[in-house]
Amino acid sequence: MTQTLTRMPESTWVDVCPLGRLLPDRGVCALVGGTQVAVFRTSGDALYAVSNWDPFGRAPVISRGLVGSVGVEPKVASPLLKHTFSLETGMCFEEPSVALDVYDVRVHDGMVQVSTA
Amino acid sequence: MRTLVVVGHGMVAHHLIETMRDRRLLRRWRVVVFGEEPRRAYDRVALSSLFADLEPADLTLDRDVAATEASGVEIVSGDAVVSIDRDARTVATASGREVAYDAAVLATGSYPFVPPVPGTDLPGVFTYRTVDDVDAMKAWAARPGVDRGAVLGGGLLGLEAAQALLSLGLETAVVEFAPRLMPQQVDEGGGAVLAGLVSALGPTVHTGAATEEIVAGGDGCVASLRLSDGSAVDAGMVVVAAGIRPRDGLARSAGLEIADRGGVVVDAGCTTSDPCVYAIGECAHAAGRTWGLVAPGYRMAEVVADRLAGGDATFAAVELNTKLKLLGVDVASIGSVQSATHPPGAEELTYADPLSGVYKKLVLSADGTRLHGAVLVGDATGYGALCQMLAGTMPVPERPESLILPGGDDGATIGVTSLADEAVICSCHGVTKAMLCTAIDGGAICEIGELKAATKAATGCGGCAPLVADVLHAELDAAGIERTDAMCEHFEHSRQELFDIVRTEGIATFADLLARHGHGRGCEVCRPAVASIFASLGVASHVLDGEHAALQDTNDHFLANIQKDGTYSVVPRIPGGEIAPEKLIVLGEVARDFGLYTKITGGQRVDLFGARVDQLPAIWQRLIDAGFESGHAYAKALRTVKSCVGSTWCRYGVQDSVTLAIDIELRYRGLRAPHKIKGAVAGCTRDCSEAKIKDFGVIATDAGWSLYVCGNGGMVPRVATLFAEDLDRDTLLTYLDRFLMFYVRTADRLERTATWFAKRPGGIEELRRILVDDELGICSQLEAEMERHVDSYRCEWRAALEDPSTAARFVSFVNAPDAVDPEVVFVPERGQIRPARPEERFLSGPTVEVELS
Ligand code: SRM
Ligand SMILES: Cc1cc2nc3c(=O)[nH]c(=O)nc-3n(C[C@H](O)[C@H](O)[C@H](O)COP(=O)(O)OP(=O)(O)OC[C@H]3O[C@@H](n4cnc5c(N)ncnc54)[C@H](O)[C@@H]3O)c2cc1C
Ligand code: SF4
Ligand code: FES
């Protein structure tokens, strides 16, 4: 577990699911307010959260992509047209001018939480 | 915009068009091409492969007709130019078209020379130049009673024709007027070894023999040849391959200057005696002679393209180096071959081993530092290096004899690193070492296929392919990049190597494989590839078991096909396309109850579209309860085995194709493979189920079943190749077991059987040796692996529904399992749903009730 961010006011964190529900190297989608957030747990046990909307395929599918890496940078590949995005920065590797939104994510009392604030 | 008229659409004309396109000249020139043959330019050099298992379409040079047309080139096939009016600057064609030109290019090639021997006009006498010639030869050879053939001419073309006759199953004789075979390419010693090698392969060889007459039989068709020594050669079919003559007739009647021995005279800029008319390729007399090979023709095309661009490129004499494989025998000839043409003082070094059929000769300067020529028969390794030495771009080794002695230095050890940058590696396309290195750019290109595409090297005659690969490897080594067929940055192995590693080391998890043989975390390329390997080998009992779930792409992960809007489609298996009314009704009911769009697929089954992730388990529960199972439309696996109604109903059917299709589909259902596999069974030769464009196709015969393999429809259609005929059901299944497992073991990722087959040099014969004669001794393993697959098959959807944790994954939102995805918006069309277009999404709101009539 890497990212525990304490500077956020507690109230903006939204529960996603218990950590144990996340398969390593696989994503899930959470509804946070009106926003769809794709949450990933990698095999190194780091957590990442990015927007679920694929700007190329124009559909909410990022959470269903395959997780991998470019060098040391973790990435996800959209299942629609196979664009790949950095999980750390959201940047699209094929089209660097396009990026997914990146959100804060943490584990609190065994519960994965996301903040879109 | 000016107009260029090109007369002839052969290899050289097409190279001109491509060069003009590459040089962006098509913006300035409208190009109209007239070809007399009924098809677009094709690879004439590879014509003989039509006697093996290629189809004319495989040879086409214009792979992207739409792009050619879009670029402003009009190609008219089957319409010959019959006259040129040079004053009016127009050409007229056989069909009556007249086109005005600003410049014209003659690229009319050659015609086969037929010597003035009585009887050449008899039925059964052929020449060998075009696809139509091949068709005519095949048709004649199939006539009853035609079991012997003769070839008039023992040169390059004659030996190709001999090979063709052999492959048509004829006993074959070759008659050559000169005292040896391939008189132009080899010397006396080489010719003797060559004759030995050729006769050992089947054809009888008559050298130093003139044909005095081609004699007809009682039916008026060709029956034999009478030779000058008085002997006779029986032949129900004769191919005249006695040389070629430039097709200069059109130029002659247009009053252009013609050389004494034929050919349209051109200057260094390939311009004829009329400054508006160029001539290129085999019809041209350039740099003092005509050129009967494709490479010099390509150079001329490039010169003309440059001239049309306003440049001043010139054509200069080139070396006519050739390397051929005729009847399986390597023959190469480089530079000066006959002693009469050697420069003064040249020395010959010869090595001959008639027993093993190898002959090699080097022609060197007296001090041994310059190469003037070489002949290689029986073993042509070192050809590429010798060409470089001839051009002076690679040094001749200190002990040149090591180049031809067995176990010596074949030039490879000198290494491409010692090649000069300006060394021409691919002479067909004029690609130098420097051009290759620029493209490779320290590792920007790591794969031979990409390098070929980027530079065109090795896409002509292919003779330079090994050298191109050597340059690539040397450059990658220098850049510290290791393998070229690496799957991705995480594995330096090809799929086949990973398959063997997993199989022999018994690796069962991706993490273990990565730890032992890879780096990093994997990616969307290697994960599904390894998942497929695990599934093919039965390592995972279910594709979603444990860690395997993280390897599957979204289709395999949700056991359904993702659609453009993120919803999924559901395809239950309908084996052989046969479905009972009750089940058809269930499909209708399920579609109605879940509001799914319903369509009959091109694979003879029904697809239900528009399911949200969270609906999939309930949909499948209904389907499984009604007796359906997964159709694996989402997987790289067996898809469908299409059938026709066959002998059960059809008045022409000779076997029960439906039963066999169902049996085959159920046998191989769920078999994961490098790519999808499609099959079909037809009840007679009419082939209503399109078995000949499937990965495997079975067609009923009176005596059993014929098996066709390695075809597909899709992007690059390929007609399947006949593997075996008149099989009984058990033998058919045995061959299919072996074939499919062998493909699963050896193909690259995402390689359909047709692509896999095209890359296997040995063709169908080799496949038969491996899968029928068991040359590699692996058939029993292949069968056992297939047996294991058949025995362990379970429906993935049934298993998924039985496992509560798997079913729980099918939610749109992990923190709101009951919420419906608001982004999924449908609108009605023809009484069903379809995904809303972007502009419709906001108008229609999140849910639309679909009225079903
Ligand atoms: C549904 C269907 C079209 C239809 O409405 O009829 C279809 C739909 C798709 N085809 Fe197909 N193909 C369908 C029959 C075919 C056929 C006809 C056949 O099977 O006889 C062909 C040509 C025959 C062949 O493959 O040899 C065909 C050639 C392709 C190709 C090109 C393959 C190739 O090797 O060139 C692709 C692309 C690929 O696989 O990489 C493709 C890929 C696809 C994909 C998977 C594209 C995608 O990733 O979204 C489509 C989604 C399937 C789905 O269910 O969501 N589909 N596709 C047909 C499903 C058949 C079935 O029951 O399983
Ligand atoms: C079986 C075989 C094997 C060969 N192997 C080799 C080899 O290994 N290496 C090698 O370098 N070369 C080889 N060649 C030779 C090679 O094919 C030729 O050098 C090459 O095709 C020449 O190209 P071209 O465009 O000049 O002529 P072609 O390819 O013959 O094209 C000329 C075209 O013009 C058309 N035409 C003629 N007159 C008219 C008209 N008036 N109007 C419209 N169209 C017209 C013809 O029908 C023809 O289609 C081989 C040839 C054959 C037949
Ligand atoms: S292939 Fe056509 S003709 Fe033959 S049995 Fe099938 S449906 Fe009938
Ligand atoms: S030399 Fe013919 S393809 Fe390169």
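Only the coordinates and a few stated rules stand behind these numbers; no lab work does. All values reported here derive from a predicted model rather than from experimental measurement. All Cβ positions, even for glycine, are placed from backbone atoms using ideal geometry, and neighbour counts span all protein chains on display.
The table that follows gives values for the structure above.
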| read-out | value |
| --- | --- |
| Principal axis dimensions, region B:495-552 - Cα atoms, whole angstrom, descending | 24, 23, 16 |
| Label-to-label distance, nm, for residues given as B:Glu398 and B:Val827 (7 Å Cα→Cβ offset) | 8.2 |
| Cα gyration tensor category, rounded, prolate or oblate, for region B:12-109 with a/c compared to 1.5 | oblate |
| Per-peptide average of other Cβ atoms within 10 Å, ordering B:220-233, B:241-254 highest first | B:241-254, B:220-233 |
| Set of aspartates and glutamates with alpha-carbon distance to B:Lys564 below 13 Å, sequence-local pairs under 8 removed | A:Asp54, B:Glu823 |
| Shielding by partners, peptide A:60-73 (average Cβ within 10 angstrom, other chains) | 6 |
| Helix-only mean residue ellipticity at 222 nm for chain B, each DSSP H run of n ≥ 4 adding -39500 (n - 2.57), per residue, nearest 500 | -8500 deg cm²/dmol |
| Local electrostatic count at B:Ala682 - Lys and Arg +1, Asp and Glu -1, tallied over other residues with Cβ under 13 Å | +1 |
| Gain in span if fully extended, B:Asp663 to B:Asp102, counting 0.36 nm per residue against the direct Cα distance | 195.5 nm |
| Cut-off under 5 Å, modelled amide H: who pairs with B:His493 long-range | B:Met487, B:Cys488 |
| R0 of 45 Å, Cβ-Cβ distance B:Gln184-B:Asp774: FRET efficiency to nearest 0.05 | 0.55 |
| Mean Cα-pair separation over length for region B:636-790, i.e. relative contact order, pairs under 8 Å, 6 or more apart, % | 18 |
| Once exposed loop chymotrypsin sites (Phe, Trp or Tyr not before Pro) are cut out (DSSP; at most 13 other Cβ, 10 Å), longest piece of chain B | B:1-648 |
| Amide H contacts of A:Val32 (H built 1.01 Å from N, under 5 Å, at least 5 apart or other chain) | A:Val37 |
| Paramagnetic reach from B:Thr438 in region B:1-42 [backbone N under 16 Å; point 7 Å along Cα→Cβ] | B:22-24 |
| Choice from A:Ala30, A:Ala46, A:Ala77 showing the highest fluctuation, given a GNM over chain A with Cα pairs closer than 10 Å | A:Ala46 |
| Test item: A:48-55 mean partner chain Cβ contacts at 10 Å | 1 |
| Pair-distance profile P(r), taking every C-alpha pair of chain B, with 10 angstrom steps and integer % | 2, 10, 17, 20, 20, 15, 9, 5, 1, 0 |
| Label-point separation in nm, B:Asp121 to B:Thr417, each point 7 Å along Cα→Cβ | 6.7 |
| Cleavage-rule hits (trypsin sites (Lys or Arg not before Pro)) in region B:1-89: DSSP loop, at most 11 neighbouring Cβ within 10 angstrom | B:Arg24, B:Arg63 |
| 13 Å beta-carbon shell around A:Val61, net charge (K/R +1, D/E -1) | 0 |
| Cross-link reach list, lysines versus B:Lys138, counting only Cα pairs under 26 Å and skipping chain neighbours closer than eight places | B:Lys325, B:Lys692, B:Lys694, B:Lys759 |
| Residue-count net charge about B:Thr314 - beta-carbon cut-off 11 Å; Lys, Arg +1, Asp, Glu -1 | -2 |
| Set of aspartates and glutamates near B:Lys676 by C-alpha distance (under 14 Å), chain-local residues within fewer than 8 positions excluded | B:Asp556, B:Glu665, B:Asp695, B:Asp748, B:Glu751 |
| Length gained when the stretch B:Arg592-B:Ala479 is fully extended (0.36 nm per residue, less Cα-Cα span) | 34.6 nm |
| Euclidean distance between Cα centres, region A:39-86 to region B:129-153, Å | 60 |
| Spin-label zone in region B:795-837 - amide nitrogen under 11 Å from a point set 7 Å from the Cα of B:His542 along the C-beta vector | B:795-809 |
| Most fluctuating residue given options A:Asp15, A:Asp45, A:Asp101, as computed from a GNM of chain A linking Cα atoms under 10 Å | A:Asp45 |
| Estimated FRET transfer efficiency when R0 is 56 angstrom, pair A:Leu19-B:Ile585 (beta carbons, to 0.05) | 0.75 |
| Rounded, prolate or oblate (a/c below 1.5 giving rounded, otherwise prolate when a/b exceeds b/c) for region B:510-665 by Cα gyration tensor | oblate |
| Built amide H within the under 5 Å cut-off of B:Val174, gap 5+ | B:Val151, B:Thr204, B:Val205, B:His206 |
| Quotient of C-alpha Rg and 2.2 N^0.38 Å, computed over the protein assembly as shown | 1.10 |
| Estimated distance in nm for a label pair at B:Ala340 and B:Ser356, the labels positioned 7 Å out from Cα along Cα-to-Cβ | 3.4 |
| Sequence-separation-based contact order of region B:1-142, relative, with Cα cut under 8 Å and 6+ spacing, percent | 29 |
